[in-house]
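Here's the structure, in structure tokens; my notes come after.
The values are calculated or read from the model by the stated rules, or taken from the named source; none is laboratory data. For clarity, every value in this text was computed on a predicted model and none was experimentally measured. Note that we place each Cβ from the backbone using ideal geometry, even for glycine, and neighbour counts take in every protein chain shown. Areas reflect the complete protein model, heavy atoms only, side chains present, ligands, DNA and RNA absent. Shrake-Rupley method; radii C 1.70, N 1.55, O 1.52, S 1.80 Å.
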Amino acid sequence: EVLRLSSAEFVAPLIAITCKSGSDLEGISDGTVDAVIMDPPYGANVMYAELSDFFYVWLKRTAGLVLPDFYRRYLTDKEAEAVANKANFKGQKGADALANRDYEEKMAAIFSECRRVLRPNGIMTVMFTHKETSAWDALTKGLIEAGFIITASWPVNTEAESSLHIKDKAAANSTIFLVCRPRPHDQGDDVTYWEDVEPLVSSAVRIRVEEFQ
């Protein structure tokens, strides 16, 4: 027998969809969210705003008639995008480093807002894939500066080996899921020397490499 619910018995939950920066979760009170699931930009892997211009100019002439507030710009916003785009620092010394720092700061601002709205026992899952250590460094620094602790990480095979964009290339075929928990506000940031924790890190890495394999 199939259980049937009348429309009178079902109450649809309230859902709010916004189109704005993730660093400004206006309207969400502190400590009210159970979980945040995020698939953020992967550093310098893809310049999404630049690619979006192709579609933006056409959507502006279609969807823009219905939602004009979303299409007031001539092209997409490149400066506010959370990516490591060295083109934004063209002509400046150390453009790569400046782009990475810009990405780190923007992601830290987004993570800080997530930290604000999460409950003390809430959880944030961040999906990330990158071969460059600098990208991982920027991401994890942003998480730590925002007040998170990374408690676990799990690899999930997300790319088909026959995909044309990774076939016969040294490309990552897995996405790493980072499990992040809010760091208690009363937990201090004591200074620790690398020599003291290096043996612990080496041991943990050996264990996790075997699990990942």
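Points worth noting:
- Number of the condition not met by V156 [criteria: (1) of a type outside the set (G, A, S); (2) under 22 Å from the mean Cα position of the chain (by Cα); (3) at pLDDT below 85; (4) closer than 21 Å to A44 by Cα]: (4)
- When region 125-135 is filtered for residues that are surrounded by fewer than 16 Cβ atoms within 10 Å (Cβ to Cβ) and either among the acidic types (D, E) or under 16 Å from A84 (Cα atoms) (or both), the ones remaining, listed by number, are K131, E132, T133.
- Looking only at residues in region 15-37 that are among the charged types (D, E, K, R) and loosely packed, with under 11 Cβ neighbours inside 10 Å, the one that is farthest from I123 (Cα to Cα) is K20.
- Residues being open to solvent by less than 40 Å² (accessible area, probe 1.4 Å) and touching a Leu at 6+ places or on another chain (Cβ under 7 Å) - total across region 72-124: 6
- Within region 27-58, the set of residues being under 13 Å from the mean Cα position of the chain (by Cα) and assigned to a strand (DSSP E or B) comprises V36, I37, M38.
- Residues that are in contact (Cβ under 8 Å) with a residue 60 or more places away in the chain and open to solvent by 50 Å² or more (accessible area, probe 1.4 Å), drawn from region 38-62: D39, A44, N45
- Qualifying residue in region 186-198 (condition: part of a helix (DSSP H, G or I), at pLDDT 80 or above and open to solvent by less than 60 Å² (accessible area, probe 1.4 Å)): yes
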